[in-house]
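The values are calculated or read from the model by the stated rules, or taken from the named source; none is laboratory data. Computed from a predicted model, the values in this text were never measured in an experiment. Ideal geometry is used to build each Cβ from the backbone, glycine not excepted, and the neighbour counts take in all protein chains shown. Just the protein is used for accessible areas: all its heavy atoms, side chains included, with ligands, DNA and RNA removed. Shrake-Rupley method; radii C 1.70, N 1.55, O 1.52, S 1.80 Å.
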Amino acid sequence: MELPQIPELLGLSLLLGLLALMATAAVARGWLRAEETCRRAAGQKANGLPLDKSLKSKKQKQHQRTFSRKEKPQQHNFTHRLLAAALKSHSGNISCMDFSSNGKYLATCADDRTVRIWSTKDFLQREHRSMRANVELDHATLVRFSPDCRAFIVWLASEDTLRVYKMNKRENGDYTFTATPEDFPKKHKAPIINICIADTGKFIMTASSDTTVLIWNLKGQVLSTINTNQMNNTHAAISPCSRFVASCGFTPDVKVWEVCFGKKGDFQEVVRAFELKGHSAAVHFFAFSNDSRRMASVSKDGTWKLWDTDVEYKKQQDPYLLRTGRFEEASTGPCRLALSPDAQVLALASGSSIHLYNTRRGEKEECFEQVHGEYITDLSFDITGRLLASCGDRAVRLFHNTPGHRAVVEEMQGLLKRASNESTRQRVQQQLTQAQEALKSLGALKK
């Protein structure tokens with residue numbers, strides 16, 4: 001038999017070997033690629049990343065930006081026929097406000113680290129101007145004007161102390177605000193519930209939620225420490241006449257002290273004056289009228305009370321109870337109270353709603369529901385009594401005080417019948433006409 005030639009066999013063997021080598025290399029490359037993919041996937045899984053990192057991360061960032069825009073808190077919308085204005089320059093929730101004694105300004109503080117000073121003459125205009133004072137590295141929870149309106153004090157949330165800001169007027173009418181070099185020393189051991197400056201400018205009061213009320217001079221020195229013995233304080237304030245300091249809390253009464261000064265203006269002592277007794281449960285809040293002759297209180301027993309405090313307490317004369325009204329919301333949670341300057345109207349705030357009562361008849365006349373997006377943190381009448389201000393979210397809302405105008409109408413109609421001479425009759429008639437025209441312009445004149 002004839003065998004194939006050697007060169008042909010050698011060529012065939014080399015061809016088969018080359019094909020086998022190429023197949024082995026291809027298999028190896030595929031195996032290496034698969035192993036690399038598995039290793040990368042395992043590493044991404046261990047780091048919590050998706051397989052397609054760049055694409056997925058980009059989509060996630062876009063989604064997060066869209067989500068954050070959607071989740072940004074929106075301003076609470078509220079409308080009412082008696083809403084006079086809404087002040088909306090703060091970017092944080094407002095915790096406190098205060099009208100200046102001359103009636104020209106309203107101060108507000110918020111957790112956006114600013115205090116804003118508003119011009120009251122702009123309240124009924126379309127635009128509301130405000131001047132900003134920055135609170136460095138902190139924010140104010142309480143704010144009060146000085147009696148001369150040349151300064152204001154704030155309570156600092158983080159530093160837990162009192163700071164004074166001086167107001168310097170510019171040529172254009174605006175102000176610059178400068179903090180004094182040193183804050184008041186830290187003396188309280190519990191959270192602060194209120195601060196006040198006496199209208200005489202002689203002393204400052206700070207009160208904490210334990211049982212402590214401190215009386216300071218303007219230099220930051222403690223003149224007296226009051227232990228209220230009420231288990232805890234819920235509110236404390238100085239009377240507009242600057243004679244008295246009062247507090248309420250867990251006990252069913254309001255305790256009042258007199259802060260005594262000598263003829264030369266030197267501090268002497270703090271003495272117990274009188275108490276408002278009549279509630280059967282803890283007292284949430286109280287307020288003075290502008291002349292300090294009336295006080296109002298609201299209690300957990302579900303009632304509010306109006307008191308005549310124009311008494312000679314040194315002769316053991318007790319305050320007179322003038323009126324008691326029902327306010328059931330007070331029995332289920334804390335509430336705030338504001339008394340109009342003439343004591344004719346009582347405003348009660350519970351949650352985010354406000355209720356207005358005529359104190360002479362004890363009847364509810366107005367109710368504003370869901371005024372703010374958060375619980376109401378402060379409530380106050382302006383010095384004229386024509387407007388009621390409230391805060392609780394990022395806005396201050398101002399309401400026309402229609403119950404106040406109606407009270408004036410009722411009072412003037414009674415005085416007109418008893419007027420003994422023509423000059424008195426004309427003066428009373430003028431006040432009656434003004435109140436009736438105000439009600440007519442607001443669509444609140446009862447026929």
Taking region 100-116 and keeping only residues that are open to solvent by less than 40 Å² (accessible area, probe 1.4 Å) and within 14 Å of the chain's Cα centre (by Cα), one is left with 106, 107, 108, 109, 110, 112, 114, 115, 116
When residues of region 412-447 are limited to those that are touching a residue at least 40 places away in the same chain (Cβ under 8 Å) and open to solvent by 40 Å² or more (accessible area, probe 1.4 Å), the one nearest to residue 84 (Cα to Cα): 443
Which condition number does residue 324 fail, the rest of (1) over 30 Å from residue 356 (Cβ atoms); (2) surrounded by fewer than 20 Cβ atoms within 10 Å (Cβ to Cβ); (3) in contact with a Leu (Cβ under 9 Å, 6 or more places away or on another chain) being met? (1)
Does residue 397 meet the test of being in contact (Cβ under 8 Å) with a residue 60 or more places away in the chain and surrounded by 15 or more Cβ atoms within 10 Å (Cβ to Cβ)? yes
Of 280, 292, which residue is closer than 25 Å to residue 216 by Cα and in a loop (DSSP other than H, G, I, E, B)? 292
Restricting attention to region 262-292, which residues are touching a Phe, Trp or Tyr at 6+ places or on another chain (Cβ under 7 Å), of a type outside the set (Val, Ile, Thr) and open to solvent by 30 Å² or more (accessible area, probe 1.4 Å)? 267, 268, 272
Counting only residues that are part of a loop (DSSP other than H, G, I, E, B), in contact with a strand residue (DSSP E or B) (Cβ under 6 Å, 6 or more places away or on another chain) and farther than 14 Å from residue 368 by Cα, region 384-411 contains a total of 1
Do we have any residue at all in region 57-67 that's in contact with a strand residue (DSSP E or B) (Cβ under 7 Å, 6 or more places away or on another chain), on the phi < 0 side of the Ramachandran plot and at pLDDT below 95? no
Return a yes/no flag: does region 134-154 have any residue that is within 17 Å of the chain's Cα centre (by Cα), surrounded by 20 or more Cβ atoms within 10 Å (Cβ to Cβ) and without any contact (Cβ under 8 Å) to a residue 40 or more places away in the chain. yes
Quick check: is even one residue across region 74-90 among the β-branched types (Val, Ile, Thr) and either surrounded by 17 or more Cβ atoms within 10 Å (Cβ to Cβ) or at pLDDT 95 or above (or both)? no
Checked 335, 367 against criteria (surrounded by 24 or more Cβ atoms within 10 Å (Cβ to Cβ) and in contact (Cβ under 8 Å) with a residue 12 or more places away in the chain); the one match is 335
Would you check if residue 346 is closer than 17 Å to residue 84 by Cβ, outside any loop (DSSP other than H, G, I, E, B) and in contact (Cβ under 8 Å) with a residue 24 or more places away in the chain? no
From (1) assigned to a strand (DSSP E or B); (2) crowded, with 21+ Cβ neighbours inside 10 Å, pick out the condition that doesn't hold for residue 225. (2)
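Every residue, every condition in (1) modelled with pLDDT under 90; (2) not small (Gly, Ala, Ser), yes or no:
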{"position": "402", "(1), (2)": "no, yes"}
{"position": "407", "(1), (2)": "no, no"}
{"position": "412", "(1), (2)": "no, yes"}
{"position": "415", "(1), (2)": "no, yes"}
{"position": "429", "(1), (2)": "no, yes"}
{"position": "432", "(1), (2)": "no, yes"}
{"position": "437", "(1), (2)": "no, yes"}
{"position": "441", "(1), (2)": "no, no"}
{"position": "446", "(1), (2)": "yes, yes"}
Hits in region 156-196 - residues which are basic (Lys, Arg) and surrounded by 15 or more Cβ atoms within 10 Å (Cβ to Cβ): 163, 187
